[in-house]
Amino acid sequence: MQTATVRWTGEQKFIAVSPSGHALAMDSDRNSNTGPGAMELLLMALGACTATDIVIILEKKRQKLVRVNAPQIPRKCGASSKFFSVSAANWKKVESSERSS
């Protein structure tokens, strides 16, 4: 099982270390904003996973991609809820007429 670690460095700041050894500074205080917060990292990771799936699927179908954008737009589930839902991605592949140019 892969394990990530998060070490508190003071205030609302942390150092996260991935199972592969990559370190990332995090700052949950949006006023000091010296690094991404946990919710931002979660949204970025979800976007990367979504975009990776799109790229892999379209590569298997031999579709040439121009761009993949995976905007992760959180929406609250209810007025007072602490839960969020997240929208999906969009992408642009090269059309047949574009391939010859």
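Within the stretch 1-25, work out how many residues are surrounded by 10 or more Cβ atoms within 10 Å (Cβ to Cβ) and in a loop (DSSP other than H, G, I, E, B).
5
Provide a single number: the residues in the stretch 38-55 that are farther than 27 Å from GLN12 by Cα and either aliphatic (A, V, I, L, M) or touching a His at 6+ places or on another chain (Cβ under 7 Å) (or both).
Residues flagged as farther than 27 Å from GLN12 by Cα and either aliphatic (A, V, I, L, M) or touching a His at 6+ places or on another chain (Cβ under 7 Å) (or both) within the stretch 38-55 amount to 3.
How do the pairs read when you match residues in the stretch 17-39 that are under 14 Å from ARG7 (Cα atoms) with residues anywhere that are of a type in the set (Gly, Ala, Ser) and surrounded by fewer than 10 Cβ atoms within 10 Å (Cβ to Cβ), using Cβ under 8 Å and keeping only pairs 6 or more apart or on different chains?
Taking only residues 6 or more apart or on different chains, not a single pair turns up.
Each reported figure results from applying straightforward, stated rules to the coordinates on display, with no laboratory input. Small disclaimer: the values here were computed from a predicted structure and weren't measured. Here Cβ is always computed from backbone atoms with ideal geometry, including for glycine, and neighbour counts include all displayed protein chains.
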